[in-house]
Amino acid sequence: MTDNTTARPPLTSNAARSGDSDRGPGALKPGAGTSRASARPGDAVFRWLSTGSAASIMVILAGVALFLIIKALPAIGANWSTNPDLSGGTTAGNASFWQYVAPLIWGTLWSSLIALVLGAPVAIGIALFISHYAPRRLANVLGYLVDLLAAVPSVVFGLWGIFVIRPFIIPFQDWLNEFFGWIPLFAGPVSRTGSTLLAGGIVLAVMILPIITSISREIFLQTPRLHEEAALALGATKWEMIRLAVFPYARSGIVSATLLGLGRALGETMAIALIISPSLIFSVKLITDSANSQTIAANIALNFPESNPLQRDALIATGLALFVISLAVNMVARLVVRRSSGAPRRSRKDRA
Amino acid sequence: MSATATDTVRAEKPQGVPGGGRPSGPRGPGPNAFTSGQLPRFVELYTLGVALLLSGAVFALIGFSIAGCLVTAALIYLVGIGVLSTVVENRRKATDRVVRSLVMIAFLLAMIPLVSTLATVVDHGWASMTWQFITGTGGSVFDPATLKVTVVQGALQAIVGTLIITGIAALISIPIGILTAIYLVEYAQPSQWMPRTVTFLVDVMTGIPSIVAGLFAFALATLIVGPKAFSGFSAAIALSVLMIPIVVRSTEEMLKLVSMDLREASFALGVTKFATIVKVVLPTAIAGIVTGVMLAISRVIGETAPIFIAASFTDNFNANPFGGAMQTLPVMVYTGYKFPSSDIAVSYQSAWGAALLLVLLVVVLNLIARIVARIFSPKGLR
């Protein structure tokens, strides 16, 4: 409604402007047949152009998959123990591509999971704060501040992680190891530099905050006003109102926001590449120097410059694995959104 | 739950009774019906103050640390307000207060990295912000007389590289992105297969990890040029893969905001579809589109991994996007720290300088985007 009324002025100004220009009146005259005929080629070209751009999206994505596969195949098919290009350097000691990529996949999933566990609750809390607790007038500014987090380049976060987070968490790691060392996660030997998966996970968590926050905030704000007011009218406190009206409505939105955050964390390179000291192993340890699982993205960034062509192909193949994983996560997220934002939500809104 | 609910209702019942003759001031004899069973208004501030004092005292005894002090204060505060509210009010209100505080703490937690990052970058990077750094090319200089290698700070090659690569990426992605959005909003019928596929693929593209985009550009370039295929142009292609979906998404949102009445009015005047889009729809949405584009640029300008893969890194000045490796600011930050030159201190210093320049660029782009949105948006649309 408001859109209609407020969007109207540009039309009048526009019509007036085109009426003033010398070409405008011709187009508006009753004998529009001629002008339509003259505009037809432009029309067709424009239509063709925009359809072509849309088609180019399909071509680009197909290209991404195709070129990655073409480059990856030689490395996947090679015999890793006998091939001189692969049996040395960073790819040494692997019998096959799968043996090389398996710990990397584990590291990618594990570090993203850490980031998610640390980041998602905070992000949802922030979204709740901005949508339901903060004063109305401040809400926009606060939302902008959180969005600003998304604008900070990841490499800058990486530097920040090295110089601020690493020294900061060393005492905390000692404390964790002292009291919770019996849990495998916090088993020693404790790192003295702070280049641990925990540090990387914290920085990753900061990086995925904005995306989870902005999506869940949108969805919290879409909760039907009447549901909220009904809960409040029944005597619910604010938190009870949120639990009874907001969360049930936003559940699938929160799930998909979290999954999209996971997708972001999976592909994040710099935080891990700069901060942790990695090894290609399966490990759940968070606070050691020698047993941090490496991620696919960071492994590519670290080893790419000094690899030989076949090793680069191997790295591209791991990139392909990353592509497939994050594709799967993102598709699940979109499916959750689509299933929930389809018919049921609209009907609920209508009822409200 | 229901039992406590009725309790509250009963407790609050006197509120509904007109307080005829009943003393209402807190100093009057007997309990005040309006405020009994409630904590005073600023109790949260008081509790916070007490918590801060307590934890400050504790940490003054065992050795001071700001972080530990704040964390302890937050814990004391949470427990304190919870217990206080449970005793004076009831469990439900206590939960409410604790959640309110938790949510606020979550927000403050998120502000710490933001402030801390910006402060650290400015603090470390400020020292390199000299005219020489911005206008000079950095790298190692070999002096044959003394046989010494000195490392010079300079970011000109990276600034130029960033502008060229981002510029080409923008030139590729903005037309494709905007035209695709126009196709999706203006031309496509929702029932056709193509718009549905394209929408889905744009979603998929949004989720492509940035380093995979870099690998794609590198793979493409090696298949065309050969193994040493680093170039600024291929980095620009990688960035376009990341940028196109952002532009499509934001433009699509903006075009959807343009009301149908406008288009119909235009069609009713006999204006063709092309002219309607160009003269009516786009001018109405232009502020939002420009904002989206600026934000997309500021998003990709800080991408490190794809440029690092596709354009590699170098200390040489190279302004030819088709001629070999090209340096950019984010890559300069990364390599300055991860692959430092012989003089490590200088490498770190220029990494910080480049980081500060990068942050400044991003902030300026964001500000421009906000200003454009503020100035050019049709009144009342946002």
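Annotations for the structure displayed:
- Counting only residues at least eight positions apart within a chain, or on another chain, the aspartates and glutamates with an alpha carbon under 17 Å from that of A:Lys71 are A:Asp85, A:Asp313.
- For region A:205-279, taking the reciprocal of the average inverse distance between every pair of different Cα atoms yields a Kirkwood hydrodynamic radius of 14.2 Å.
- Derived scalar couplings between HN and Hα for region A:60-67 equal 4, 5, 4, x, 4, 5, 4, 5 Hz in order, rounded to whole Hz, by the Karplus curve 6.51 cos²θ - 1.76 cosθ + 1.60 (θ = phi - 60°), x for Gly and Pro.
- The average projected area of the protein assembly as shown, computed from the convex hull of its Cα atoms over all directions, is 42.3 nm².
- Charge sum, other residues only, whose C-beta stays under 15 Å from A:Met58's C-beta, Lys/Arg counted +1 and Asp/Glu -1: 0
- Under Karplus coefficients 6.51, -1.76 and 1.60, residue-wise ³J(HN,Hα) of region A:223-235 in Hz, glycine/proline x: 3, x, 4, 5, 4, 5, 5, 4, 4, 5, 5, 7, x
- Computed over region B:108-267, the ratio Rg/Rh where both radii use C-alpha atoms and Rh is Kirkwood: 1.14
- Per residue, the convex hull volume that the Cα atoms of region A:94-140 enclose (Å³): 69 Å³
- Nonlocal amide H pairs with A:Asn292, under 5 Å, H built at 1.01 Å: A:Ser279
- Average 1/r across all pairs of distinct alpha carbons in region A:104-342, invert it, and you get the Kirkwood radius: 19.2 Å.
- Descending semi-axes in whole angstrom, ellipsoid equivalent of region A:220-352, from the Cα gyration tensor: 44, 19, 9
- Beta bridges by DSSP in the protein assembly as shown, antiparallel share as percent, to the nearest 5: 75 percent
- Put simply, chain B fits an ellipsoid with semi-axes of 53, 37, 18 Å; these come from the alpha carbon gyration tensor as the roots of five times its eigenvalues, largest first.
- Across all directions, the shadow cast by the convex hull of region A:126-248 built on its C-alpha atoms averages 10.3 square nanometres.
- Convex hull of Cα atoms in region B:224-322, direction-averaged projection (nm²): 8.6 nm²
- Shape index of region A:29-159: Rg/Rh, with Rg the Cα radius of gyration and Rh the Kirkwood radius from the inverse mean 1/r over Cα pairs, equals 1.24.
- Counting beta carbons within 10 Å around each of B:Glu303, A:Glu178 and listing the fewest first gives the order A:Glu178, B:Glu303.
- The residues packed around B:Ile81, meaning those with a beta-carbon under 12 Å from its beta-carbon, carry a net charge of 0 if Lys and Arg are +1 and Asp and Glu are -1.
- Rounded to 0.05, the FRET efficiency of the A:Ser96 and A:Ile70 pair, given R0 = 25 Å and the Cβ-Cβ distance, is 0.80.
- Evaluating 6.51 cos²θ - 1.76 cosθ + 1.60 at θ = phi - 60° for every residue in region B:221-233, the Karplus couplings come out as 5, 5, 5, 8, 9, x, x, 8, 9, 6, 7, x, 5 Hz, glycine and proline recorded as x.
- Net charge over other residues, Cβ less than 14 angstrom from the Cβ of A:Leu149 (K, R count +1; D, E count -1): +1
Just so you know, all these numbers are worked out from the coordinates, no wet-lab data involved. On a predicted model such as this, the values are computed, not experimentally measured, just so you know. Heads up, the Cβs are rebuilt from the backbone with ideal geometry, glycines too, and the neighbour counts pull from every protein chain shown.
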